[in-house]
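Got a structure for you, written out below as structure tokens; questions coming shortly.
The values are calculated or read from the model by the stated rules, or taken from the named source; none is laboratory data. In this text the structure is predicted, and so the values were computed from the model without any measurement. Backbone-built Cβ (ideal geometry, glycine too); neighbour counts: all protein chains shown. Just so you know, the surface numbers come from the protein's heavy atoms only, side chains and all, with ligands and any DNA or RNA stripped out. Shrake-Rupley method; radii C 1.70, N 1.55, O 1.52, S 1.80 Å.
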Amino acid sequence: MNAKYQGYSFPMGDTVKREKVRFHNRYGIELSGDLYLPKTASEQLAAVAVAGPFGAVKEQCAGLYAEELASRGFAALAFDPFFMGESGGAVRNVASPDINTEDFSDAVDFLSTRDFIDPERVGILGICGWGGMALNAAAMDTRIKATVTSTMYDMTRVNAKGYFDADDTESARYEMKKALNAQRTKDYKNGTYARAGGVVDPLPKDSPVFVKDYYDYYKTERGYTQRSLNSNDGWNVTSSLSFLLMTRVFASPLSPHHQSPYPCVDKESRTG
């Protein structure tokens, strides 16, 4: 399967233009982004850096949100976090909450130094699993003037307790850590990193609703792109270890009865 729109999961609007950009983080890793701009602008623009969902790339939801923001007069940067998509890093498909938090500030570095952007009007948008990283960045970076999260669950909670808190016991967490650390040893011996697998395919008939939602986006023409982790072979198995130590960023527990952790929308489903 190929992405529907020349590498992207969504079409471009007539009032928006897109350009490839690259910038670096504090750790010296170069990141790749798509900068969406309104075709006509007579003054400095407010800007938004956009990333997520967890395991998606800029050609999917982040780009869709950025394109919509640009159609409403913003400069919007959809970017691939480090080790993902077109961004740098020798090891691929691995998450690190501290550096992924930093990535938002790196995007703010880039946006704040563009002549056509007002550095006093720069915000961030974290989608799905990247919402927590956006909140972390907002707590640390005083340059961020507005923060929005479009997210249905807490990455730390779902890694530590499982979906619907199904594994919320001390023994279950200990066994998970044992298994993940055993995988580290195997990876080191093998010189490669085992992948967790993307969204399940084929989809079992008895799958819960949220897994069907995953499949409907990441494994169909609606949202598939070639670089997406969720559409293909997924994260490195050991990525979950980092989230077990991440400070919870949500003020109160989220409902364990949510249905769709990835709030991605079709172009046709937008409203006003």
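For residues that are under 16 Å from G52 (Cβ atoms) and acidic (D, E), tally how many sit in the range 135-167.
Result for the range 135-167: 1.
Further question on the same structure: When you scan the range 123-134, do you find a residue that is in contact (Cβ under 8 Å) with a residue 40 or more places away in the chain, of a type in the set (A, V, I, L, M, F, W, C) and open to solvent by 30 Å² or more (accessible area, probe 1.4 Å), even just one?
No, every residue in the range 123-134 fails to be in contact (Cβ under 8 Å) with a residue 40 or more places away in the chain, of a type in the set (A, V, I, L, M, F, W, C) and open to solvent by 30 Å² or more (accessible area, probe 1.4 Å).
Another question about this same structure. Out of the residues in the range 96-122 meeting the condition of being open to solvent by 10 Å² or more (accessible area, probe 1.4 Å) and among the hydroxyl-bearing types (S, T, Y), tell me which one is modelled with the lowest pLDDT.
For the range 96-122, the residue satisfying everything is S96.
Just a yes or no: is a residue in the range 22-30 part of a loop (DSSP other than H, G, I, E, B), of a type in the set (V, I, T), more than 18 Å from A3 (Cα to Cα) and in contact with a helix residue (DSSP H, G or I) (Cβ under 9 Å, 6 or more places away or on another chain)?
Yes - at least one qualifying residue is present in the range 22-30.
D34 is checked against (1) under 15 Å from the mean Cα position of the chain (by Cα); (2) of a type outside the set (A, V, I, L, M, F, W, C); (3) not in a strand (DSSP E or B) and fails just one. What number does that condition carry?
(3)
Identify all residues within the range 65-95 that are closer than 28 Å to R195 by Cα, open to solvent by less than 10 Å² (accessible area, probe 1.4 Å) and not charged (D, E, K, R); write none if there are none.
Residues satisfying the conditions are A78, F79, P81, F82, M84, S87, A95.
Follow-up. Name the pairs whose Cβ atoms lie under 9 Å apart, with the first residue in the range 186-202 and touching a residue at least 40 places away in the same chain (Cβ under 8 Å), the second open to solvent by 80 Å² or more (accessible area, probe 1.4 Å) and among the hydroxyl-bearing types (S, T, Y), and 6 or more positions between them or separate chains?
D187/Y193
Tell me whether the range 22-40 contains one or more residues that are touching a residue at least 40 places away in the same chain (Cβ under 8 Å) and of a type in the set (D, E).
Taking every residue of the range 22-40 in turn, at least one turns out to be touching a residue at least 40 places away in the same chain (Cβ under 8 Å) and of a type in the set (D, E).
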